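Visitor: Can you read through this structure? Questions will come right after.
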Amino acid sequence: MPAAALATAALAARPRGAPSTKLLPGNRYWQAQAKDRLWVRFVFVPKSKIEVDIWWNRLARHPDVQLVFGLYGDAVEFGSLTGNGFNSPAFHRLGFGTFAVNIAIQALKAGFAPSLPVVGVLSNTDEEHLAADERQRLEANRRAFWRRFGLNVIAHGDPPLDYLDGTVGSLHVVTTGSVAGEFSRCISLQDFVADRPEGL
């Protein structure tokens, strides 16, 4: 069985909410190659952020896809998920976002209390110029995306904005599907290493 499939099976067998690994400050890395090549950097800065950076087929100063959660004393706040939106067709709806969130969820469950709130605001200013029906379609897709991980999406305000609402304990990884048809969308945080890949 491929290593990615083994990681997925291990995660599926692990009880929901069980710590995946001891969460240590600093950077950890993971990489794989099939037809294409994938590099990932996981960053944990206590009392500041969890960040997942993804490069696809090339290393550059800035990642192709990036996920950031802010870490505060009384909550975890979704900051941003960039690089996989409608205006990035090479990464849109190909599993990169799910892949990044799955990594972050494992870290949150390993290092934080189940009762800690998970909050945030969902929006994409790049969509403002689109037709109303297209914006509504993308908004619906965004709500469905986050709900798959165990979060509620609640509309507040006028005009309404979508807010994330949940707890670390309510989060769960999505074990099905692939990244660009090549890699599992759910790899184990235990497989990350401290050694930085050459060129990164």
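The values are calculated or read from the model by the stated rules, or taken from the named source; none is laboratory data. Remember, predicted model here, so these are calculated numbers, not experimental data. A quick note on method: Cβ atoms are made from the backbone with ideal geometry, for glycine too, and the neighbour counts reach across all protein chains shown.
Visitor: Here is a list of conditions, (1) in a strand (DSSP E or B); (2) in contact with a Leu (Cβ under 7 Å, 6 or more places away or on another chain), and L71 meets all of them except one; can you say which number that is?
Guide: (2)
Matching residues to (1) within 27 Å of G169 (Cα to Cα); (2) at pLDDT 95 or above; (3) among the β-branched types (V, I, T); (4) within 16 Å of the chain's Cα centre (by Cα):
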residue: N87; (1), (2), (3), (4): no, no, no, no
residue: R93; (1), (2), (3), (4): yes, yes, no, yes
residue: A100; (1), (2), (3), (4): yes, yes, no, yes
residue: S115; (1), (2), (3), (4): yes, yes, no, no
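Visitor: Another question, then. Does N84 qualify as being touching a helix residue (DSSP H, G or I) at 6+ places or on another chain (Cβ under 6 Å), within 24 Å of R41 (Cα to Cα) and surrounded by 18 or more Cβ atoms within 10 Å (Cβ to Cβ)?
Guide: For N84, the condition - touching a helix residue (DSSP H, G or I) at 6+ places or on another chain (Cβ under 6 Å), within 24 Å of R41 (Cα to Cα) and surrounded by 18 or more Cβ atoms within 10 Å (Cβ to Cβ) - is met.
Visitor: Among the residues of the range 67-76, is there at least one that is over 13 Å from L108 (Cα atoms) and either surrounded by 15 or more Cβ atoms within 10 Å (Cβ to Cβ) or under 14 Å from the mean Cα position of the chain (by Cα) (or both)?
Guide: Checked the range 67-76: at least one residue is over 13 Å from L108 (Cα atoms) and either surrounded by 15 or more Cβ atoms within 10 Å (Cβ to Cβ) or under 14 Å from the mean Cα position of the chain (by Cα) (or both).
Visitor: Out of L108, L122, which single residue is surrounded by 17 or more Cβ atoms within 10 Å (Cβ to Cβ), farther than 21 Å from R28 by Cβ, in contact with a strand residue (DSSP E or B) (Cβ under 7 Å, 6 or more places away or on another chain) and aliphatic (A, V, I, L, M)?
Guide: L122
Visitor: Checking I105 against (1) within 26 Å of L138 (Cβ to Cβ); (2) aliphatic (A, V, I, L, M); (3) out of contact with any His (no Cβ under 8 Å at 6 or more places or on another chain), which single condition isn't satisfied?
Guide: (3)
Visitor: Something else about it: Condition check: touching a helix residue (DSSP H, G or I) at 6+ places or on another chain (Cβ under 9 Å), surrounded by fewer than 19 Cβ atoms within 10 Å (Cβ to Cβ) and among the hydrophobic types (A, V, I, L, M, F, W, C). Does A113 satisfy that?
Guide: In short, yes.
Visitor: Next up: When A131 is evaluated against the numbered criteria (1) at pLDDT 95 or above; (2) over 20 Å from the mean Cα position of the chain (by Cα), which criterion, by number, is the only one it fails?
Guide: Exception for A131: condition (1).
Visitor: Related question: Anything in the range 125-152 that is surrounded by 10 or more Cβ atoms within 10 Å (Cβ to Cβ), over 17 Å from G85 (Cβ atoms) and without any contact (Cβ under 8 Å) to a residue 40 or more places away in the chain? List them, or say none.
Guide: Residues satisfying the conditions are R147, G150, L151, N152.
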